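Engineer: Following this message is one structure expressed as structure tokens.
Only the coordinates and a few stated rules stand behind these numbers; no lab work does. The shown structure was predicted, so the numbers you read here are calculated from the model rather than taken from an experiment. Counting neighbours? That spans all protein chains shown, and the Cβs are built from the backbone with ideal geometry, glycine included.
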Amino acid sequence: MILVTGGAGYIGSHTVLELLRSGYEVVVVDDLSAGHRELVLTDNFVQADIRDRAALSAAFQQYPIEAVLHFAALTSVPESVADPGRYYDVNLGGTLVLLEVMRAFGVTRLVFSSSAAIYGDPQRLPIPEDHPIRPKSPYGRSKAVCEEILADYARAYGFSYVSLRYFNAAGSDPEGKIGEWHEPECHLIPIVLEAASGKRPYVEIFGTDYETPDGTGVRDYIHVVDLAQAHVLALEHLAAGGESGAYNLGIGRGYSVREVIEVCRKVTGRKIPVREGPRRPGDPAILVADARRAQRELHWQPRYTNLESMVETAWAWMRRRES
Ligand code: UFG
């Protein structure tokens, strides 16, 4: 059985669905501080904070856990800049508690949700895994330190792990069972789609003076189903005795904020009012992945390779929720 922490969140819930579709048995631990029980498509659910050692231990007692997918974390770059203590407490403290409980129960295989935010401003593009790690935000730093801790646990205690460094997750389950659901919403694509559907008056562009072709931030958007599949492949890699390591997950192509808005206009056929505002603290100008290592070593192949198809699934989910 696979334990998924944070399995009620956006990427976690899509990965749970992918695991179930692949025939795995899954138990989810989530405190529902940001996730939603409705997104968890299994009855094996424990509502607990990952810093709660007793509750985690009880879950390990109750279920025959072989490996862990660890998503549970706070995930907002700007929030982490404003409140770093909370980010380190949950993201670092929670991970340490989880690792210690795993160790106590002899579970040593882990897939960790890392992030492109660990790289900071790129010195090379696209960004390979051996790029310098210089996070610009406490969020990014919390993920970078967790990766180091995992390497220590691997050396000292025989853990094996895969760190998946996501670029920008986008889209929703194409069958419409689940989708992206943050409250409040702070990610670009759902915000733009909310403006398209009239739920918000306009989209604010955070910075138009970046050194990018049109002055706005550039990101590598990757469909959440492709991310979910990478987790299943990472689990298989570890189960087959594969080596520990880190892998970038992106499509290797960047879209600017203005390009994202344009694609959303095309997909929705709606008007999307825009305002230009200042930069958001902690944001790098551009993040684009070199994800060839995952393709080579995990045999991962993203199926959604253009933004239109990602926005289409996100838009379908938003309309379904509204109806
Ligand atoms: N943006 C706007 N207006 C908005 C929201 C976002 O202009 O209302 C811009 C941002 O400045 C950025 C881009 O759109 O340039 C994407 O922003 P998101 O908030 O959607 O995503 P981030 O790139 O900030 O962060 C996401 C995840 C992080 C992860 C990071 C790694 O939320 O967890 O990707 O790339 F670390």
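Engineer: Tell me what the chain gives for mean residue ellipticity at 222 nm when only DSSP H runs of n ≥ 4 count, each as -39,500 (n - 2.57), the sum divided by the residue total, rounded to 500 deg cm²/dmol.
Structural biologist: That calculation yields -11500 deg cm²/dmol at 222 nm.
Engineer: Say we join alpha carbon atoms closer than 10 Å with springs in a Gaussian network model of the chain; which of Phe71, Phe60, Phe167 then has the biggest fluctuation?
Structural biologist: Phe60
Engineer: Can you check how the C-alpha radius of gyration of segment 2-128 compares to 2.2 N^0.38 Å, as a plain ratio?
Structural biologist: Rounded to two decimals, the normalised Rg is 1.09.
Engineer: Which percent of Cα pairs goes in each bin when the distances of segment 185-248 are cut into 10 angstrom slices starting at zero?
Structural biologist: 16, 29, 26, 19, 10, 0
Engineer: Follow-up question, since we're still on this one. So in the chain, what percent of DSSP beta bridges are antiparallel if you round to the nearest 5?
Structural biologist: In the chain, approximately 5 percent of DSSP beta bridges are antiparallel ones.
Engineer: Shifting gears a bit: For the charge dipole of segment 195-318, defined by +1 on Lys and Arg C-beta atoms and -1 on Asp and Glu C-beta atoms about the Cα centroid, which residue among Gly269, Leu227, Asn248 has the Cα displaced farthest towards the positive pole?
Structural biologist: It is Gly269.
Engineer: Rounded, prolate or oblate: pick one for the chain, where a ≥ b ≥ c are the square roots of the eigenvalues of its C-alpha gyration tensor, a/c under 1.5 means rounded, and failing that, prolate if a/b is larger than b/c, else oblate.
Structural biologist: prolate
Engineer: Around Glu236, under 13 Å between beta carbons, what's the net of Lys plus Arg minus Asp minus Glu among the other residues?
Structural biologist: That sum, taken over residues with Cβ under 13 Å, equals -2.
Engineer: Only four residue types carry charge here, +1 at the Cβ of Lys and Arg and -1 at the Cβ of Asp and Glu. Report the dipole size of segment 196-294 about the Cα centre in Debye, rounded to the nearest 20.
Structural biologist: 580
Engineer: How many angstrom lie between the C-alpha centres of segment 111-156 and segment 1-69?
Structural biologist: Their Cα centres are 24 Å away from one another.
Engineer: Note down the magnitude of the dipole of segment 168-214 about its Cα centre, charges +1 on Lys and Arg C-beta and -1 on Asp and Glu C-beta and zero elsewhere, to the nearest 20 debye.
Structural biologist: Using only the charged Cβ atoms, the result is roughly 220 debye.
Engineer: Now for a different question. How high is the relative contact order of the chain, in percent, counting Cα pairs under 8 Å that sit 6 or more residues apart?
Structural biologist: 20
Engineer: Quick one: dipole size for the chain, taken about the Cα centre, charges +1 on Lys/Arg Cβ and -1 on Asp/Glu Cβ, in debye to the nearest 20.
Structural biologist: Computed charge dipole of the chain: roughly 440 debye.
Engineer: Keeping to pairs on different chains or 8 or more places apart, tell me how many lysine pairs in the chain have Cα atoms under 30 Å apart.
Structural biologist: Close lysine pairs found across the chain: 6.
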